[in-house]
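Notes for the one structure printed next.
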Amino acid sequence: MLYLYVRTDTVACMRDQVPPTGPAERRLSTKETAELLGVKPETVYAYVSRGQLGSRREPGGRGSTFDAAEVEALARRNRRESSAPAGSGAELSVRTRLTLIEGDRYYFRGVDATELAARHSFEEVAEWLWTGRLRPGAAFTAPEESVAVARRAVEALPEHASPTDRLRVAVIAAAAADPLRFDLSEDAVLGTARVLIPTLVDALPPAPLGRRERRGPLAHRLWARLTGHPADDASLRVLDTALALLVDHDLAASTLAVRVAASARAHAYAAVSAGLGVIEGPLHGAAGGLAHRLILEVLDRGAAGPVIADELREGRRIPGLGHRLYTGEDPRARALFALLEGLPHAAPALAAARDIEATAARSTPLHANVDLALAVFTASSGMPSTASETVFAVARTAGWIAHALEEYGERPLRMRPSGRYVGQRPPQPLPE
């Protein structure tokens with residue numbers, strides 16, 4: 001069996017520093033380093049920017065040089081990751097500087113993610129995850145041509161198409177309209193991200209009675225695609241915070257799919273499309289919709305007890321409860337519940353969620369996760385049960401882009417585990 005885990009590299013970035021060296025130190029040029037690692041020269045500098053390789057400029061020299069021993073160590077590490085045989089018990093380590101989950105808290109580039117989301121907009125949090133720099137007042141806008149192409153493709157779908165169907169089609173249409181999509185340089189991918197995310201939102205049809213906004217913060221424009229209810233500042237803040245909280249969350253299944261695509265050097269649109277293909281399952285992006293329907297049923301029947309009993313009788317797990325990465329309450333849920341308590345119209349759904357959690361705890365002490373908190377918000381805001389899937393997908397697109405950027409800096413095709421064949425041994429006779 002091949003085990004997969006994420007290890008966050010804590011080595012500080014050493015771009016063009018000049019440490020004291022001994023006379024025996026051997027230095028390599030960029031070309032020599034690229035050849036030894038089996039990558040392009042630009043990938044060498046991606047290693048440097050991510051702190052995986054140190055470099056320095058020699059006095060009077062034009063290019064950077066690299067410590068041969070450090071380069072050789074990185075090459076050995078890359079070879080180990082690619083050659084671990086299936087069933088050997090070896091672990092494939094995926095280095096990431098993006099998200100750390102530890103002690104029932106999670107961090108974006110070392111900063112508490114819930115505190116970051118409380119103080120900054122979704123766009124600002126996305127920029128932090130992508131670049132490690134804050135851009136106060138960051139705003140994402142898409143050119144009309146990109147939106148028009150994506151919108152026409154989305155409008156051609158049948159009315160019963162799911163939000164993920166619409167988003168996948170919008171991504172494909174936007175990709176087809178971008179002749180520069182195969183440029184995988186960091187600046188080009190960041191440009192794609194800043195255009196793709198608003199394109200996804202602006203291509204979605206407005207909700208009944210909703211207005212199709214094209215200006216303002218992304219959360220404001222998304223609101224009109226999710227509900228026809230008038231927007232108030234407190235509700236918009238909840239939506240914006242939810243987007244920021246959901247940007248990334250370790251190596252989730254959809255994120256792994258994105259990194260596999262990026263490892264094969266698929267362009268950013270294709271990598272995002274791979275992630276969208278995974279989140280549609282009930283154990284991932286669609287979980288919030290199940291929790292939404294559960295809350296509505298509790299509100300309809302007046303108590304969680306009979307609803308929970310029916311769920312258990314049918315052999316179903318209770319949606320919105322428990323998370324394998326947290327022993328206590330999901331910190332994302334905790335942050336959203338605190339904001340939801342300030343929305344008077346959310347009080348009934350919030351009480352239903354607490355009733356669900358308390359009733360289920362009589363048997364198993366499971367805490368609320370972010371799906372239950374999102375369900376309180378969507379159910380109390382007149383949104384459909386699929387709204388949380390849309391919120392999740394739009395938010396996580398930013399995280400997928402961040403992981404694709406990291407993977408473009410790694411050796412190509414390293415996400416290639418070997419299969420462990422358990423079928424009949426050859427030679428077998430040809431079938432009749």
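The values are calculated or read from the model by the stated rules, or taken from the named source; none is laboratory data. Given the structure is predicted, the values throughout are model-derived calculations rather than measurements. When we count neighbours, we look across all protein chains shown, and the Cβ atoms used for this are built from the backbone with ideal geometry, even at glycine.
Here Gly423 meets the list (1) small (Gly, Ala, Ser); (2) assigned by TED's automatic domain parsing to the domain that holds Arg301; (3) more than 20 Å from the chain's Cα centre (by Cα) almost entirely, failing just condition (2). The single condition from (1) exposed (fewer than 12 other Cβ atoms within 10 Å of the Cβ); (2) modelled with pLDDT under 75 that Gly51 fails is (1). Of all residues in segment 184-201, exactly one satisfies the criterion of being exposed (fewer than 15 other Cβ atoms within 10 Å of the Cβ) and not in a helix (DSSP H, G or I), namely Ser185.
A search for C-beta distances below 7 Å between a residue of segment 339-359 that is in the same structural domain as Glu329 (by TED's automatic domain parsing) and any residue that is charged (D, E, K, R) and surrounded by 15 or more Cβ atoms within 10 Å (Cβ to Cβ), counting only pairs 6+ apart in sequence or on different chains, returns Leu339/Arg237.
Within segment 166-193, the set of residues being without any contact (Cβ under 8 Å) to a residue 24 or more places away in the chain and under 17 Å from Leu218 (Cβ atoms) comprises Gly191 only. If you go through segment 295-342 and pick out every residue that is touching a helix residue (DSSP H, G or I) at 6+ places or on another chain (Cβ under 6 Å), part of a loop (DSSP other than H, G, I, E, B) and either over 19 Å from His284 (Cα atoms) or of a type outside the set (A, V, I, L, M, F, W, C) (or both), you end up with 4. For segment 98-125, a residue qualifies if it is among the aliphatic types (A, V, I, L, M) and assigned to a loop (DSSP other than H, G, I, E, B), and exactly one does: Leu98. For segment 288-306, filtering for residues that are touching a residue at least 60 places away in the same chain (Cβ under 8 Å) and touching a Leu at 6+ places or on another chain (Cβ under 9 Å) leaves 5. Checking every residue in segment 376-384 against the condition of being over 30 Å from Leu350 (Cβ atoms), of a type in the set (Gly, Ala, Ser) and part of a loop (DSSP other than H, G, I, E, B) gives zero matches.
Across segment 143-160, which residue is nearest to the chain's Cα centre (by Cα) among those that are within 19 Å of Arg221 (Cβ to Cβ), at pLDDT 95 or above and of a type in the set (Gly, Ala, Ser)? Residue satisfying both the conditions and the ranking: Ala150. When Gly110, Gly132, Gly103, Gly89 are checked against the criterion of being modelled with pLDDT of 95 or more and surrounded by fewer than 13 Cβ atoms within 10 Å (Cβ to Cβ), Gly110 stands alone in meeting it. When Leu200 is tested against the conditions (1) closer than 24 Å to Ala150 by Cα; (2) in contact with a Pro (Cβ under 9 Å, 6 or more places away or on another chain), the lone failure is (2). Here is the figure for segment 241-287: residues that are free of Cβ contacts under 8 Å to residues at least 40 places away in the same chain and in a helix (DSSP H, G or I) total 4.
Of the residues making up segment 163-172, one or more are among the polar types (S, T, N, Q), assigned by TED's automatic domain parsing to the domain that holds Ala268 and surrounded by 20 or more Cβ atoms within 10 Å (Cβ to Cβ).
Here are some residues: Thr8, Thr21, Thr65, Thr43. Which one is at pLDDT 85 or above and either crowded, with 16+ Cβ neighbours inside 10 Å or outside the structural domain of Arg411 (by TED's automatic domain parsing) (or both)? Going through Thr8, Thr21, Thr65, Thr43 in turn, just one is at pLDDT 85 or above and either crowded, with 16+ Cβ neighbours inside 10 Å or outside the structural domain of Arg411 (by TED's automatic domain parsing) (or both): Thr65. Looking at segment 261-279, is at least one residue within 28 Å of Asp240 (Cβ to Cβ), under 18 Å from the mean Cα position of the chain (by Cα) and aromatic (Phe, Trp, Tyr)? Within segment 261-279, one or more residues are within 28 Å of Asp240 (Cβ to Cβ), under 18 Å from the mean Cα position of the chain (by Cα) and aromatic (Phe, Trp, Tyr). Taken over segment 302-341, the criterion of being under 20 Å from the mean Cα position of the chain (by Cα), of a type outside the set (Gly, Ala, Ser) and under 15 Å from Thr364 (Cβ atoms) is satisfied by His323, Arg324, Tyr326. Might you let me know whether segment 104-119 holds any residue that is in the same structural domain as Arg332 (by TED's automatic domain parsing) and of a type in the set (Phe, Trp, Tyr)? Checking segment 104-119: not a single residue is in the same structural domain as Arg332 (by TED's automatic domain parsing) and of a type in the set (Phe, Trp, Tyr).
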